[in-house]
Amino acid sequence: MLVLVSVALAQDRAPYTVGDQRSGYTYLTKELQAQQNDELGNQGMLWVERGAALWNAAAGTAAKSCATCHGDAATGMKGVRASYPKWNDALKKPIGLEQRINLCRTEQMGAPAFAWESEALLSITAYVGRQSLGLAVALPRDPRLEPYRQAGEAFYNQRRGQWQLACSYCHVEQAGQHLRGDHLSQGQTNGFPIYRLLWDGMGSVQRMFRWCNEGVRAEPYDYGSDEYIGLEIYLAERGRGLPVETPAVRR
Ligand code: HEC
Ligand code: HEC
């Protein structure tokens, strides 16, 4: 039975390479690929398990859990991770998955927002994301996202920091090359939140942006800033069609 289920999953999974876009998965060693695919070996699954517990835990003044309103995550959250960032009518701007979850905490549950990179936010985001495993990243074709995508593209190609390097220098021009011991990938976002060996833990896509900004000695932007949401949208569009791998294992 288990074998049948995993065969079906492998067949349904979106491809790791779409045109010239390659998931970070394709840059991993065979051992790390196997680790990511193994539910027991993938360290990120610890966060997914914690997220499952949070999903069912009542909290806040409303004493409701995520499950109270959304039911079984396997159906209610399927496809959600593949479609974010998404436009939010109340805020009149696009928001990422972490921000969407925190809006449910504050507005639907009467509970405090989880801090960025807290174990709780990473866990619930990983759990929600996992329900889209293997589905192709496909943001809604929403013209309101377009100015943010364009800003993200401009950000991506702009040199910055003491090193005066653009994101595109490392992840387009030098992709596949080695830089100070790192094997540079295309910097795709389909695996987040990821379990990163270097961090010995989990990180959101915005933690990665900050890490990459700091790597060239540039001032990182705030978590949830419009700049980083623009980057998220641009990168999701660039990698449209790649499979959600949450939680991916990366070096
Ligand atoms: C009291 C009911 C309620 C609770 C409790 C609740 N939500 Fe929601 N959630 C909603 C509603 C209503 C929406 C749609 C809001 C909208 O479209 O503006 C939503 C939307 C979402 C979305 C976006 C779905 C999409 O397709 O874009 C996610 C993700 C989500 N909730 C996650 C959670 C998580 C995780 C929890 C627990 C921490 C939670 N919600 C708790 C009512 C709730
Ligand atoms: C000096 C080189 C360098 C620059 C410039 C750089 N990065 Fe990275 N980036 C890395 C390294 C090293 C890694 C980890 C190995 C890999 O996946 O390439 C990484 C990883 C990533 C990942 C994760 C890829 C995955 O598969 O999980 C993303 C997303 C990313 N970078 C985005 C960006 C963005 C956005 C910028 C510009 C703000 C940027 N990077 C600038 C070096 C760089």
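The values are calculated or read from the model by the stated rules, or taken from the named source; none is laboratory data. Bear in mind the structure is a predicted one, so any value in this text is a computation, not a measurement. Positions of Cβ are backbone-derived with ideal geometry, glycine not excepted, and every protein chain shown enters the neighbour counts. For the accessible areas, the whole protein counts, side chains as well, though only heavy atoms, and no ligand, DNA or RNA atoms are used. Shrake-Rupley method; radii C 1.70, N 1.55, O 1.52, S 1.80 Å.
Starting from segment 57-75, take each residue that is free of Cβ contacts under 8 Å to residues at least 24 places away in the same chain and assigned by TED's automatic domain parsing to the domain that holds T106 and list its partners that are part of a helix (DSSP H, G or I) and aromatic (F, W, Y), counting only C-beta distances under 6 angstrom and pairs at least six apart or across chains.
Qualifying pairs under 6 Å: A67/W55.
A115: without any contact (Cβ under 8 Å) to a residue 12 or more places away in the chain and either open to solvent by 20 Å² or more (accessible area, probe 1.4 Å) or assigned to a loop (DSSP other than H, G, I, E, B) (or both), yes or no?
For A115, the condition - without any contact (Cβ under 8 Å) to a residue 12 or more places away in the chain and either open to solvent by 20 Å² or more (accessible area, probe 1.4 Å) or assigned to a loop (DSSP other than H, G, I, E, B) (or both) - is met.
Output the number of residues of segment 190-214 satisfying the condition of being open to solvent by 30 Å² or more (accessible area, probe 1.4 Å) and touching a residue at least 40 places away in the same chain (Cβ under 8 Å).
The total comes to 4.
Using the structure shown, decide if Y148 is within 21 Å of G187 (Cβ to Cβ) and out of contact with any Cys (no Cβ under 9 Å at 6 or more places or on another chain).
So Y148 passes the test.
Select from segment 30-59 the residues that are within 16 Å of ligand 2 (Cβ to nearest atom), farther than 17 Å from E98 by Cα and part of a helix (DSSP H, G or I) and list them in ascending order.
Of everything in segment 30-59, those that are within 16 Å of ligand 2 (Cβ to nearest atom), farther than 17 Å from E98 by Cα and part of a helix (DSSP H, G or I) turn out to be L32, Q33, Q35, Q36, N37.
Among (1) within 15 Å of ligand 1 (Cβ to nearest atom); (2) within 25 Å of R22 (Cα to Cα), which single condition is C212 missing?
Failed condition: (1).
Quick one: which of G187, G161 is outside the structural domain of N56 (by TED's automatic domain parsing) and surrounded by fewer than 18 Cβ atoms within 10 Å (Cβ to Cβ)?
G161
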